[in-house]
Amino acid sequence: MTHPSPTVPAPVTRTSRTRPTLPGPSRRTATAAHALAAFAAARLTGLLALAVAAHASHQDVFRLLGRSWDSRWYTGIAAHGYGRTLYFEPGVVQSDLAFFPLYPALIRAVETVTPIGYGAAGLLVSWLGAGAAAIGIYKIAERLHGHRTATVLVLLWGLLPHSVILTMAYTEPVLTALAAGSLYALLTDRWIWAGALAALAGLARPNGFAVAAAVAVTAVYELVRRRGRVPHRLWTGAALAPVGWGAYVLWVGARRGDPLGGYFAVQRGWGSRFDFGRGSLAFVRHLLLDGDKLVFAMTLVIVAAALLLYGLLLCDRAPLPLLVYTGVLLLITVGGSGFFESKPRFLLPAFPLLLPLACALVRTARARPPHAVLVVGALAGLSLAYGTYLVTTARMPL
């Protein structure tokens, strides 16, 4: 679908014999609720499967969801602030400064005003974030392709093989909600909202920088297209967008005595650095030549599929903000080294990758409904089985 500008969709053509393409407010609310219900059903089913597997293997489902891997770091920051460092073999120093502050701050706020603990507060923030993200994703897709495609897109996002993360105490739901809100604001020419939400996304995760990049590139495009005649809102939004990410990186750097390089030194201590894909290629070579666990093979398939889907998104001429945001997320994921098994999680916020698949599935549903049902059923089965395996059996960092 093409657009005359990245922020304003093509005009809708109507005739006396056709129904309006865009539904009224009450209709939009109803269809958004249907999409949210489909997403909730997908994730609740996954949660039920996880609970059954945890009970069968004598594991605590709450601990698996709320206190696994990075969740423990986030709840620790929420409870005690920054200052924890773990030392392993030479060169591996894991500091909690690697974790951005927005999610722990939200956990602490919820724990302060409610009677629940930090783990439950982390889950509540994530679940609310996932719901808000589903609505934001729906609004973007509805504006571009209509409510059917939007509903399918939300459902597909909830049925990704690694979407179990959306029901755990992780930051991806919050980042995705902020990213979807900022991108929708860009598509509707709300620059200050776009910049403010991008700034918050930059406080959520390191790859939240992708949202600010989308705002900045879109602003430059509009500046060139309009020959400099742009409203002050555009300048304000573009200036706000990188503030969150930049402020935290500089704060960590100042705390470490190296304002510009301190945060990146913290990341290197975790074994994470941007090396233009050399580390990823070396790991793929190890996987292909030596063999390894199912998680690594699945990760390789998911990353390869993401690259293919991005190519399809380019071919569909998606709006510029979506292309930039998704492209930067892909670049950070593929180009970064360390924690290869976590790359599918890093791609969870890249929901625009699913747009070509959602459009194709809607077309299939119109022509061959049983085929569409079979595809969705297969995706649901994969999501339930693999998500349950990841959390209860694999015992690997997510």
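Structural remarks
- The local environment of residue 230, defined by Cβ-Cβ distances under 12 Å, has a net charge of +3 under the rule Lys, Arg +1 and Asp, Glu -1.
- When the charge dipole of segment 297-398 is built from unit charges on Cβ atoms (+1 for Lys and Arg, -1 for Asp and Glu) and taken about the Cα centre, the candidate among 389, 373, 309 whose Cα reaches farthest toward its positive end is 373.
- Extension gain, residue 232 to residue 367, is 43.8 nm, computed as 0.36 nm per intervening residue step minus the present C-alpha separation.
- Put a dot 7 Å past the Cα of residue 192, heading toward its Cβ, do the same for residue 58, and the two dots end up 6.0 nm apart.
- Probe 1.4 Å, protein heavy atoms only - accessible area per residue of the chain in square angstrom: 46 Å²
- Each peptide in 71-81, 158-168 receives the mean, over its residues, of other Cβ atoms within 10 Å, and ordering these scores from highest gives 158-168, 71-81.
- Each of 94, 240, 265 was scored by the projection of its Cα onto the charge dipole of the chain, and the greatest displacement toward the positive side belongs to 240; charges sit on the C-beta of Lys, Arg, Asp and Glu.
- Rounded percent of accessible protein surface that carbon and sulfur make up, segment 91-235, 1.4 Å probe: 68 percent
- For segment 233-327, trypsin sites (Lys or Arg not before Pro) meeting the loop criterion (DSSP other than H, G, I, E, B) and having at most 16 other Cβ atoms within 10 Å: 256, 293, 317.
- Think of each Lys and Arg Cβ as +1 and each Asp and Glu Cβ as -1; about the Cα centre, that makes the dipole of segment 62-202 roughly 220 debye.
- Value at 222 nm in deg cm²/dmol, rounded to 500, when DSSP H runs of n ≥ 4 in the chain each add -39,500 (n - 2.57): -21500 deg cm²/dmol
- Length gained on full extension, residue 224 to residue 360: 45.6 nm, using 0.36 nm per residue less the C-alpha separation.
- The residues neighbouring residue 50, those whose beta-carbon lies less than 13 Å from its own, together hold a net charge of +1 under the Lys/Arg +1, Asp/Glu -1 convention.
- Here the simple spin-label model places points 7 Å from the Cα toward Cβ, and for residue 40 and residue 251 these points are separated by 3.4 nm.
- Net charge, residue 357 excluded, C-beta distance under 12 Å - Lys, Arg +1, Asp, Glu -1: 0
- Placing +1 on the Cβ of every Lys and Arg and -1 on the Cβ of every Asp and Glu, with no other charges, gives segment 171-259 a dipole of roughly 280 debye about its Cα centre.
- Distance from the alpha carbon centroid of segment 120-140 to that of segment 264-287 works out to 30 angstrom.
- For the peptides 197-204, 342-349, residues were scored by their other Cβ atoms within 10 Å and the scores averaged per peptide; the highest-first order is 197-204, 342-349.
- Listed peptides 171-178, 122-129 appear in the order 171-178, 122-129 once ranked by packing, highest mean of other Cβ atoms within 10 Å at the front.
- Dipole magnitude of the chain, debye to nearest 20 (Cβ charges: Lys/Arg +1, Asp/Glu -1, about Cα centre): 1260 debye
- When only alpha carbons are used to place a centre, segment 52-76 and segment 302-377 end up 28 Å from one another.
- Residue order for 221, 263 - accessible surface, 1.4 angstrom probe, largest first: 221, 263
The values are calculated or read from the model by the stated rules, or taken from the named source; none is laboratory data. Since we're looking at a predicted model, the values are computed, not measured. Because the Cβ atoms are built from the backbone with ideal geometry, glycine has one as well, and the counts that use them run over all protein chains shown. The accessibility values were calculated without ligands, DNA or RNA, using every heavy atom of the protein model including side chains. Shrake-Rupley method; radii C 1.70, N 1.55, O 1.52, S 1.80 Å.
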